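Peer 1: Got a structure here, written out as structure tokens. Questions coming.
The values are calculated or read from the model by the stated rules, or taken from the named source; none is laboratory data. Since the model is a prediction, treat every value here as computed from it, not as a measurement. Don't worry about glycine lacking a Cβ; one is built from the backbone with ideal geometry, like all the others, and counts go over all protein chains shown.
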Amino acid sequence: MTDEVKPPTPAAPPPAAHAAPAVAKPAAPAVPPANLAGKTTTAAAAAGKASTRDPDDTSPLVTRRVWLAMAWGAFSAGSAVALAATGRFMFPNVLNEPPQQFKVGVPADFGMGVDERYKESNGVWIVRTADDIAQHASGFYVLSTTCTHLGCTPNYLSAEGKFKCPCHGSGFRTTGINFEGPAPRPLERVRVALAEDGQILVDKSRKFQYELGQWIDPDSFLQIA
């Protein structure tokens, strides 16, 4: 009977050289947990920003989307204003312009000279005279407050007894005749009449020019004894 051959036993590893002693690491100081109640963590805030900003938007204040919204809003508002102004220009100014015909009271309400009560509201001066240069009678004539030079509104200087334009210095006597400055002709008169109720009726739809000889027209003067 043959003897059983046993495999050789592996040699034990040589003993390790002097091993380095283990160095103990200092313990990290204890940090109290942060109170995050009601607050957004850095990670959550970063995630929120990433979801609302474009990747290439580095604006520190507002996002590109907000800037675009503001720009479009301003453009839309400007366009609406421009369209409204254009529409207002295309339609007649009927509601805002003063009426062409209006009553100013009875003759007894006026003294001699220039009355300015209707200058601002209706654009006329009402003048009562004892002797008109065109009609040679006593009564009323009504002058337009539009300067015949470039359309400014003169001021009445009672101390000097004249109308003086503040724009270019044109001067007019109380009769309406121009005598100084660049105005090329006298002020225009407008129609004046006595209404059925006894009031003075002014009609700006009809005008009379001195240089054309129109001041002798009966409608340019209201004769009152």
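Peer 1: Residue by residue through the stretch 134-154, note down the ones that are surrounded by fewer than 21 Cβ atoms within 10 Å (Cβ to Cβ) and in contact with a helix residue (DSSP H, G or I) (Cβ under 8 Å, 6 or more places away or on another chain).
Peer 2: Listed by number, the residues that qualify are 134, 135, 145, 153.
Peer 1: Sticking with this one: Taking interchain pairs and intrachain pairs at least six residues apart, which have beta carbon atoms under 9 angstrom, with the first residue in the stretch 147-161 and at positive phi and the second part of a loop (DSSP other than H, G, I, E, B)?
Peer 2: Close Cβ pairs satisfying both conditions: 151/167; 161/174.
Peer 1: Name the pairs whose Cβ atoms lie under 7 Å apart, with the first residue in the stretch 208-219 and in the same structural domain as residue 145 (by TED's automatic domain parsing), the second surrounded by 11 or more Cβ atoms within 10 Å (Cβ to Cβ) and part of a helix (DSSP H, G or I), and 6 or more positions between them or separate chains?
Peer 2: Close Cβ pairs (under 7 Å, with a partner that is surrounded by 11 or more Cβ atoms within 10 Å (Cβ to Cβ) and part of a helix (DSSP H, G or I)) amount to 208/214; 208/215; 208/220; 214/220.
Peer 1: Continuing with this model, one more query. When the residues of the stretch 202-225 are filtered to those that are under 40 Å from the mean Cα position of the chain (by Cα) and polar (S, T, N, Q), which remaining residue is surrounded by the fewest Cβ atoms within 10 Å (Cβ to Cβ)?
Peer 2: Here the residue is 205.
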